[in-house]
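Novice: One structure follows; several queries about it will come next.
The values are calculated or read from the model by the stated rules, or taken from the named source; none is laboratory data. All of these numbers come straight from a predicted model, not from anything done at the bench. Note that each Cβ is placed from the backbone with ideal geometry, even for glycine, and that neighbours are counted across all protein chains shown. When the accessible area is computed, the model is the full protein with side chains, heavy atoms only, and any ligands, DNA or RNA have been set aside. Shrake-Rupley method; radii C 1.70, N 1.55, O 1.52, S 1.80 Å.
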Amino acid sequence: MGFKTFMNTKRAFSLVAAFLLLGTNVLMAQGTAATPAAADSSAQKSDMWLGVGYYVLLVLLACVIVAVVGKILRVYDLSLQMQGKKGMNWNNIIGVICIIVLIAGLYGVYWSFTVQGSMILPESASAHGGKIDFMFWTTTVITMFVFFITQTLLWVFLFKYRGSDKRKGYYYPHNNTIEKIWTIIPAIVLTILVVFGFFTWRSVTNTDNLKGDINIDVTAHQFAWEIRYPGKDGKLGQVNYQLYTPNNILGVNFKDRNSFDDLKADTLVLPVNREVRINIHAQDVIHSLYMPHFRVQMNAVPGLPTFFKFTPTITTADMRNRLDDPKFEYLLYCNKICGGGHYNMQKVVRVVSEAEYETWIARQKPYLSDPLKKELHLADASEPGKAAENKIALNN
Amino acid sequence: MSTLAVHDHGVAGHDHDHEHHHHDTFITKYVFSQDHKMIAKQFLITGITMAVIAMLLSILFRIQLAYPDKSFPLLETLLGRFAPGGRLDPQFYLSLVTIHGTIMVFFVLTAGLSGTFSNLLIPLQVGARDMASPFINMLSYWFFFIASVIMLSSFFIQKGPAGGGWTIYPPLSALPKAMNGSELGMTLWLISMVCFIASSLMGGINYVSTVLNMRTKGMDLWKMPLTVWAFFLTAILGVLSFPVLVAGVVLLIFDRSFGTSFYLSDIILNGKIMPYEGGSPILFQHLFWFLGHPEVYIVIMPAMGISSEVIAVNSRKPIFGYHAMVYSLIGITVLSFIVWGHHMFVTGMNPFLGGVFMITTLIIAVPSAVKTFNWLATLWRGNIRFTAAMLFAIGMVSFFISGGITGIFLGNAALDINLHDTYFVVAHFHLVMGSAAIFGMLAGVYHWFPKMFGRLMDQKLGYLHFWLTFICAYLVFFPMHFMGLDGVPRRYYAMTEFPAFNHWLSVNTFITWSAIIAGFAQIAFLYNFIHSIFWGKKTTQNPWDANTLEWTAPVEHIHGNWPGEIPTVYRWPYDYSKPGHDTDFIQQTTPLSETMSSNLPHDFEDNPAGLQQYNEWAKTQRSSEEVK
Ligand code: HEM
Ligand SMILES: [Cu+2]
Ligand SMILES: [Cu+2]
């Protein structure tokens, strides 16, 4: 028996040796292939297959090792039994592994919380976001308490009550008092979280459009965002998708006087501590306007305009200081699958002081561009009857 | 009474079979079989095949996330136009994600899980000769098979498979020109799903009617094992919710192919104004999630049932709080119909409605918590035997705790604003579905393998499989929570366009390697599974010393499950380690009269005559002790 195992291990060793040799060969080959820039494709192909072969061998080797270890264990077990002892006690072995896994796992969770937990979003940069963050940390504390207790009990029980022939389980089919307690306590805790969450949610979403709010239209299409600010009148002109032309991609209705002074912008610039209402539109498929630093998200749905109202509280410059990251930018990006370019559909958001905002907005170009003026004029001239509808020939 | 009538009929039919000695041909035995045990095996093997395919797909796209800038010539060799220059095409990436999700949720965890274990265990555990309708049962498998073939065939068409995510929200899925994955691939996806739903309805109706009508003598509802309860309630959920998805899918087919506007309005695509008017994309989301949420419980409840049974058997203890376990399953079943809106908090649905859905969602966490505590209490002071099945059932509990907890965050509308559609959601549903439910399924495979194939799987390889998979699953999904908290969105082909996400690249690489190792760990399972089917150690009739009825049936599979009469049931299935009995288990078929020394007054709750006898017996016992 022992001899056979030895044979097996020896064979495994020689395999390892052969394999390492091959591995270095492959690596060397790749190294040389990389130097001449225009390596011919057949050489690349063979390199590729060599690489594949390398990994296949690696896996085979792992399988062989597992098989060998399995054999050794079996032999050891049998030899124990031949000596009249009990075989290996797997209940004990697994019980101990359970405790090790618990301890390693708890450490891993701790590590993950400290290292990866420090890579998450910074504090909220909006007024309502503070409430959300408070809610989040409350929920985290409560649930992590439950998490650690239940997982610890689970793995400790496994170790403590690992099986043995000398014992029997404890016949304990139910206990109504305990069961009532652990139904009612989660119910109470969840009620608290629900009530708390409900009011937070209502205060975030149940908003009125007040005078003095800045209304901004953000329109999503594959794969970009269009931003439109109101002009001096503070009002945005109406849109109608039927009015779309390449020069008027938002389909702004210029029958509406409010639209004349609307502005087109490239960046979403917001004055700090002013209420902003973003009106969200989509032209083709569903997108989602996501500005995680402000705890803002709302889908952009074709045919169903949505909005999100919030107040930014920290300027970009301020946030750069706080994070000690001079390149930091707030971002707006798409968070609903919308096609092949979904992964790159972003805009920079900049929060500035009121004064900076005024100078910035004064420099923005009107949406009613010269080509668009010409186009509207042409439409007027060529189709006097239809001119009133502000439609161009294309739509009819 | 009707129970008895059906039961008698079953016996008669069986005798009839014996007289004729009818011979199965290869076709009727292995292909178009109507025997529930064979159909269960067909579901299992198809399910495992689909799972392996879906796992390979996930490794493909994980490689893309780990090495977004590297090119792999091998990928071009394998995938051709889908990976030009050895790098995945962004649209094909989305197709991979979509098909991975669809296969895992529907084909593996719905059909593979319920199909296998409901088919195998319902007749064997309630004491029936077969399903209520073996023929419909056979159709159910073949519709599932056709659905699988259609789903996979979409890899071989010009533009590739469906790509809009497993939730296929229109307008993206309704406009063929919106992406490659919305062309023919999406049509195939929809056809495949219609076949799939037909399959799952036929299965579900069968499971419900078998449980209701064909229980053996003595098997009242409160004597059914928790597995049967779970399969039964799962089937009810499926039967009530899947038709709604068909409605949604059919309307989507109309929008795609016949120019209707159920889901479409105000659309300009590629500079062209489309003629659709008056539809609502939100309508589809309501229809989808009316199935979609119950679907996640269709996935998890069988896993809960299996784990409950496996944990009780291997702790050598009755499941703690049997009634509470059943009532919480019922509670989950009912509540799961009124929480679907929690997937739609930020879709523009009326925010007040969002508030209501948040309340119902957090209520459903209560029965889930009760179940967890009851499992823990079952382990407490048990005599725990670590079979491979037991380990997987324990893994299921651990994952269910971890994943359930993050559900409390997502169910809170205020928190969901920032978490929706990020990697936090990915972490949540992979722990609870991708890990907990899969582990429940694997526990079932290890536990009932002897019943299916008459042989035992190797336990040591099972241990190896368990520990590798368990640890890697946590390594893969745990860090994803933090990515979500950093605002990293799901369904992104690459994070490289965002300098702010650069610090996640090394984490992504780590996750991918963990996933690859987890993938290789499955070799241990596949080898064990296939090897044991042919060369495994022969099993005894009741290898785990379990109480339920299936272990009273002979190891060899026979038509009708039991030779002679179907056994009668006298007690609940969890009499493990009952004090006063010589062995640590008492099968359901053992009458109370044979176990006088271990009976409890509680055993005679609705049996006054029995209680009187028991009291008399106890009195004589006592007096004879006094004499001594
Ligand atoms: C403790 C109970 C649970 C709660 C409170 C809960 C809550 C939620 C919520 C609110 C979401 C939506 C998140 C979002 O889209 O932002 C979600 C997503 C999801 N959940 Fe759960 N869940 C629970 C249990 C489960 C179970 C048992 C499963 C499956 C077995 C599951 C599978 C999923 C899946 C697949 C998604 C992803 C949907 C998508 O594609 O967006 N959940 N869960
Ligand atoms: Cu997008
Ligand atoms: Cu749900």
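Novice: Only one of (1) exposed (fewer than 11 other Cβ atoms within 10 Å of the Cβ); (2) at positive phi; (3) not small (G, A, S) fails for B:P579. Which number is that?
Specialist: (2)
Novice: Applying the selection to the range B:328-379, what residues are within 16 Å of ligand 2 (Cβ to nearest atom) and touching a Pro at 6+ places or on another chain (Cβ under 9 Å)?
Specialist: Those that are within 16 Å of ligand 2 (Cβ to nearest atom) and touching a Pro at 6+ places or on another chain (Cβ under 9 Å): B:T347, B:G348.
Novice: Do you know which of the residues in the range A:297-312 that are out of contact with any Lys or Arg (no Cβ under 8 Å at 6 or more places or on another chain) and facing chain B (nearest Cβ under 7 Å) is surrounded by the most Cβ atoms within 10 Å (Cβ to Cβ)?
Specialist: Of everything passing the filter in the range A:297-312, A:P302 is surrounded by the most Cβ atoms within 10 Å (Cβ to Cβ).
Novice: Let me spell it out: the conditions are (1) open to solvent by 10 Å² or more (accessible area, probe 1.4 Å); (2) touching a residue at least 60 places away in the same chain (Cβ under 8 Å); (3) more than 14 Å from chain B (Cβ to nearest Cβ); (4) out of contact with any helix residue (DSSP H, G or I) (no Cβ under 7 Å at 6 or more places or on another chain), and A:T315 meets all of them except one. Which number is the exception?
Specialist: Among (1) open to solvent by 10 Å² or more (accessible area, probe 1.4 Å); (2) touching a residue at least 60 places away in the same chain (Cβ under 8 Å); (3) more than 14 Å from chain B (Cβ to nearest Cβ); (4) out of contact with any helix residue (DSSP H, G or I) (no Cβ under 7 Å at 6 or more places or on another chain), the lone unmet condition for A:T315 is (2).
Novice: Same structure, new question: With assigned by TED's automatic domain parsing to the domain that holds B:M433 and either near ligand 1 (Cβ under 10 Å from one of its atoms) or part of a loop (DSSP other than H, G, I, E, B) (or both) as the only criterion, which of B:I332, B:I359 stands out?
Specialist: From the options B:I332, B:I359, the qualifying one is B:I332.
Novice: Something else now. What are the pairs, 6+ residues apart or on separate chains, where a residue within the range A:143-172 that is over 30 Å from B:D582 (Cβ atoms) has its Cβ under 9 Å from a residue that is open to solvent by 50 Å² or more (accessible area, probe 1.4 Å) and outside any helix (DSSP H, G or I)?
Specialist: That search, which allows pairs on different chains as well, returns A:L153/B:W380.
Novice: What residue, among those in the range B:149-163 that are touching a residue at least 40 places away in the same chain (Cβ under 8 Å) and in contact with a helix residue (DSSP H, G or I) (Cβ under 6 Å, 6 or more places away or on another chain), is nearest to A:Y343 (Cα to Cα)?
Specialist: Only one residue fits best here, namely B:G163.
Novice: Something else about it: Inside the range B:386-443, can you point out the residues that are more than 9 Å from ligand 1 (Cβ to nearest atom), more than 19 Å from the chain's Cα centre (by Cα), in a helix (DSSP H, G or I) and among the hydroxyl-bearing types (S, T, Y)?
Specialist: If the condition is that a residue be more than 9 Å from ligand 1 (Cβ to nearest atom), more than 19 Å from the chain's Cα centre (by Cα), in a helix (DSSP H, G or I) and among the hydroxyl-bearing types (S, T, Y), then B:Y423 is the only one that fits.
Novice: Taking the range A:100-116 only, how many residues are open to solvent by 20 Å² or more (accessible area, probe 1.4 Å) and either within 14 Å of A:G197 (Cα to Cα) or within 8 Å of chain B (Cβ to nearest Cβ) (or both)?
Specialist: Residues in the range A:100-116 being open to solvent by 20 Å² or more (accessible area, probe 1.4 Å) and either within 14 Å of A:G197 (Cα to Cα) or within 8 Å of chain B (Cβ to nearest Cβ) (or both): 3 in total.
Novice: Within the range B:331-348, which residues are among the hydrophobic types (A, V, I, L, M, F, W, C) and either within 14 Å of ligand 3 (Cβ to nearest atom) or touching a Gly at 6+ places or on another chain (Cβ under 6 Å) (or both)?
Specialist: Hits for the range B:331-348 are B:I332, B:L335, B:F337, B:I338, B:V339, B:W340, B:M344, B:F345.
Novice: Please pick out the residue among B:M433, B:M441, B:M457 that is within 16 Å of ligand 3 (Cβ to nearest atom) and open to solvent by less than 30 Å² (accessible area, probe 1.4 Å).
Specialist: B:M433
Novice: List every residue pair whose Cβ atoms sit under 9 Å apart, with the two residues 6 or more apart in sequence or on different chains, where the first one lies in the range B:391-411 and is open to solvent by 10 Å² or more (accessible area, probe 1.4 Å) and the second, anywhere, is outside any helix (DSSP H, G or I) and within 16 Å of ligand 2 (Cβ to nearest atom).
Specialist: B:L410/B:H420
Novice: I'm trying to understand the selection: among the residues of the range B:144-164, which are open to solvent by 10 Å² or more (accessible area, probe 1.4 Å) and in contact with a Cys (Cβ under 6 Å, 6 or more places away or on another chain)?
Specialist: B:I146
Novice: Report whether or not A:K347 is in contact with a Leu (Cβ under 7 Å, 6 or more places away or on another chain), of a type in the set (D, E, K, R), more than 16 Å from ligand 3 (Cβ to nearest atom) and open to solvent by less than 70 Å² (accessible area, probe 1.4 Å).
Specialist: So A:K347 passes the test.
Novice: Is it true that B:I363 is within 16 Å of ligand 3 (Cβ to nearest atom), at the interface with chain A (Cβ under 10 Å from one of its Cβ atoms) and surrounded by fewer than 22 Cβ atoms within 10 Å (Cβ to Cβ)?
Specialist: It is true that B:I363 is within 16 Å of ligand 3 (Cβ to nearest atom), at the interface with chain A (Cβ under 10 Å from one of its Cβ atoms) and surrounded by fewer than 22 Cβ atoms within 10 Å (Cβ to Cβ).
Novice: So if I check each of B:I471, B:I511, B:I516, B:I530, which one is more than 7 Å from every other protein chain (Cβ to nearest Cβ), without any contact (Cβ under 8 Å) to a residue 40 or more places away in the chain and under 18 Å from B:H430 (Cα atoms)?
Specialist: Result of the check over B:I471, B:I511, B:I516, B:I530: B:I471.
Novice: Kindly indicate whether any position in the range B:232-242 is touching a residue at least 24 places away in the same chain (Cβ under 8 Å), outside any helix (DSSP H, G or I), touching a helix residue (DSSP H, G or I) at 6+ places or on another chain (Cβ under 7 Å) and more than 25 Å from B:S182 (Cβ to Cβ).
Specialist: No, the range B:232-242 contains no residue that is touching a residue at least 24 places away in the same chain (Cβ under 8 Å), outside any helix (DSSP H, G or I), touching a helix residue (DSSP H, G or I) at 6+ places or on another chain (Cβ under 7 Å) and more than 25 Å from B:S182 (Cβ to Cβ).
Novice: Also, I was wondering about something else. Scanning the range A:140-162 for residues that are at the interface with chain B (Cβ under 7 Å from one of its Cβ atoms), touching a Phe, Trp or Tyr at 6+ places or on another chain (Cβ under 9 Å) and under 21 Å from B:Y474 (Cβ atoms), which turns out surrounded by the fewest Cβ atoms within 10 Å (Cβ to Cβ)?
Specialist: Ranking the candidates gives A:L153 first.
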